[in-house]
Structures are given as structure tokens and as C-alpha cells.
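The values are calculated or read from the model by the stated rules, or taken from the named source; none is laboratory data. As the structure is a prediction and not an experimental result, all values here were calculated from the model. Cβ: placed from backbone, ideal geometry, glycine included. Neighbour counts: every protein chain shown. Calculation scope for accessible area: heavy atoms of the full protein, side chains included, ligands and nucleic acids excluded. Shrake-Rupley method; radii C 1.70, N 1.55, O 1.52, S 1.80 Å.
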Amino acid sequence: MKNKFNIFFCFWLLVAGFWLVSCNRKPKTILAENEYYVCSMDPQVMEKQPGSCPICKMPLAKTVIDKTQLNIIKLNAEQIKLANVKVDTVKISSIGKEVILTGEFSINQNKTEQISVRTNGRIEKLYHKVTGEEIKAGEAVYDLYSQELLLAQEEYLIAFDKLGLVDGTNILSATKNKLLLWGLSEQQISELEKTKEAKITNTVYSKVSGTITEIPIKEGDYVLEGAKIYKVADLSTLWVDAQIYSNELGILEEGKKVEIIPDAFPEEATEGTITFSNPELQSGSKINLVRVEVKNPNGKFKPGMQAYVVHHSDEKKAIVLPVDAVLRDSKHATVWIQNAQGGFEARMVETGIENKNKIEIRSGLKTGEKVVVSGAYLINSEYIFKRGMMPAMGDMKMEQM
């Protein structure tokens, strides 16, 4: 009888306990689809139930969030200026594979000339003493003290005065040619005929134009016939010597066009033609040299400047962006689009061919859209600062082109 009473008592005690718990239980909060509990300090925290922030322990506040706006951020004019944000219209352009080589501008040896001494003597004066100066055809380049040239002038005067009237035409012509070959000009010979005075020091005039690259002689030096006084080069065309591995030589064949990007003036990119491929390896390396001829009409490119030689192949038309416009991690590629309201929206894209400066967009963008081409990293950082998280890739839709 006692056992039955105990069982009966426990049963009712259990029922009373369930009743008390049920009375004290709060009804489950039912939120609309766009309502969340968020933390003012950690905006990435979004819950469907009230409570405390798991990060800072502050109470969560109820708010309305439009998930379609989660990947959009707005910046004011000052922020756009400080972040150097630049927007461009999406358009079709050319892109292809690239082989980039390092090279250096050098003098086109086929465009060099040498100003040399025509007879023995002593250099009394040099009219140009600094390499890099320009010499023009017809201007004075040096004064030569020469006993031999003096005797040649006297011979001509004798032929001109005595033999020129009595069947001396051949002798006169021979002595005149000697003066011309030894450096005197027609004007100097005409002056000699008028003054009848031979000079032991004579000025020699240049027959070529160009930029001085070498001056191996100095004033006062005794020189022999053929000694080099100046070496000049026509810098209107230059060579670019590029380094390439032997297994890539087949890519750059003679006659092919390549792009030349000067390191000092990347905006002054120009076109060159491959004119020579050295079959001999550089000593102690696996490198060959390829020579590219480049026009230099304005003289802006200088021998010794560094340059990149870019060979393009498999060119095609596609949507192309600057490389810095695309933000990438191990799984996704993202760009920032400027929408019609002036905000910036994260957009997931699929990329294709990529070279040093450009990248192909296979899908995710349409022509005519406005895309951020400069400042994308800073917009991304601002988004993380305000939202406390990266743009939600799962909420993005891949736009079809």
C-alpha cells in the first residue's frame, strides 16, 4: 500500500514539474525573412534568435537587413578621391599569351661612322670634347698640324700656277684629289688658289652626322694616318638586345614584330623587328641573345636603357581588365562594379588568359557595365572595415556574358 502511494506521488510530482516548465517557457520568436539580431560592434554576427554576441558578449539588437544589399558599399566623394578609385566601362579588347624578356638598348652598329685622320700630324684643336654631343656634316671637327699636308698644298700651287696652262691638267687633277683625300674641302682649295698661301695647320670638316660615342684622341696627340678621332652613331634607330633561353628561340624568329616597353618610359611602348638571333650561348650560361631593331625618331630612347621585349601570340577578342581590377583568393575571383545608384557591388567573375598587365574575363561581366579598375583593394578593405567580413560569395550571382 505504501509503495502504491509513493508511485502515485511521484507521478503527480513529475506532471507538476512539466506544467511549471511549460508555464515559464517563453514562446519561440518568429522573425520575418529579412529580420535579424545583430551586434553593433561585430556586424558580421547575424542571428535569428535574441541573445548575446559570441565575440564581444554585448546584447544583440533586432534589425531589418536586405540581403540583396550585403555586397554593396557606398563611398562619398572624398573617400573615392583618397582611395584613387577609377572606374572604366567594360569593353571588348585584344588579349593573348605573352613571352616577356628583359633587354637593353644599344647602338645600332650598322649606323655608326668613324672620323679619322687622313695624313700624319698633330691634333692642335678638337672642336668637340664630350661624348654625347652632336656632329653635323660640314662643321669643323679638328685642326691638324701636318707637314705632309703643307707639302701637298705647295705641290698643288705649283701645278696650278705652272703646269695648269701647259698640258698640266692630269697633274693638277691628281694634286687636287690628294688634298681632298687628305681632308681639305673644295672651299679650302678655292681659298688656297686665291691666297697662294699653303698652311701647316688646317681645319678638317666632318662628312658625316651623328652623336659622338667615342673620343680616343686628345689635343696635342701626334697621330698617324687612319687614327680614329671620333666615333659617331646615328641614334634614329637602336638595337635592343634581349636575353632568352635556348629552348625558347623558336618563339622569336627573325622578321617577327615584338613590343618594346622601355623601363624608364613604360607609356612610350613601341614596336620593333627581330633582326638577329645569336646562335652562340653567352659564356657560362644557357642564355642566347636576340636582337630587335627599334625606331627612335625623337631620340628619347638612349643606349644603356633597360627595356622589356614582349612577344604576343594566340591573340583573341574578349572582355579584358587590368590585372589589379580583379581580387582573388584560392577559390574565387571578384571585381567591384559601380551600380546605377553610385554604390559599389562585389561581383564574382571567371577569369581566363592572364599576362603582365591584363586579364581576360570569361563570365561575370557584360559590356557597358562600370567596373573599378583602380582602388579595388581599398574598396574591399573599406567593406571589411564596415561589415566585418568579406563579401559573401554564396550570395553573389555570376552574371552571364
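Details
- Which listed residue is at pLDDT 90 or above, surrounded by 17 or more Cβ atoms within 10 Å (Cβ to Cβ) and in contact with a helix residue (DSSP H, G or I) (Cβ under 9 Å, 6 or more places away or on another chain), from 211, 203: 203
- Restricting attention to segment 323-362, the residues that are open to solvent by 50 Å² or more (accessible area, probe 1.4 Å) and within 26 Å of residue 76 (Cβ to Cβ) add up to 5.
- Only one entry of 71, 108 meets the criterion of being at pLDDT below 80 and in contact with a strand residue (DSSP E or B) (Cβ under 6 Å, 6 or more places away or on another chain), and that entry is 71.
- Residue match in segment 298-312 (condition: open to solvent by 70 Å² or more (accessible area, probe 1.4 Å) and among the charged types (D, E, K, R)): yes
- Test: residue 185 is open to solvent by less than 60 Å² (accessible area, probe 1.4 Å), free of Cβ contacts under 8 Å to residues at least 60 places away in the same chain and within 30 Å of residue 236 (Cβ to Cβ): yes
- Cβ pairs under 7 Å, 6+ apart, first in segment 144-163 and charged (D, E, K, R), second part of a helix (DSSP H, G or I) and modelled with pLDDT under 95: 155/175
- Flag for residue 252 being open to solvent by less than 30 Å² (accessible area, probe 1.4 Å), modelled with pLDDT of 95 or more and either closer than 20 Å to residue 310 by Cβ or among the basic types (Lys, Arg) (or both): no
- Flag if residue 365 is surrounded by 20 or more Cβ atoms within 10 Å (Cβ to Cβ) and not aromatic (Phe, Trp, Tyr): yes
- So residue 172, is it over 30 Å from residue 294 (Cα atoms), without any contact (Cβ under 8 Å) to a residue 12 or more places away in the chain and aliphatic (A, V, I, L, M): no
- Output for segment 255-268, where each listed residue is free of Cβ contacts under 8 Å to residues at least 24 places away in the same chain and over 16 Å from residue 313 (Cβ atoms): 266, 267
For every residue, the table says whether it meets (1) within 22 Å of residue 252 (Cα to Cα); (2) in a loop (DSSP other than H, G, I, E, B).
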| site | (1), (2) |
| --- | --- |
| 298 | no, yes |
| 307 | yes, no |
| 312 | yes, no |
| 330 | no, yes |
| 335 | no, no |
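- Flag for residue 287 being open to solvent by less than 60 Å² (accessible area, probe 1.4 Å), at pLDDT 85 or above and over 27 Å from residue 134 (Cβ atoms): no
- Boolean, residue 323 is within 19 Å of the chain's Cα centre (by Cα), aliphatic (A, V, I, L, M) and at pLDDT 80 or above: yes
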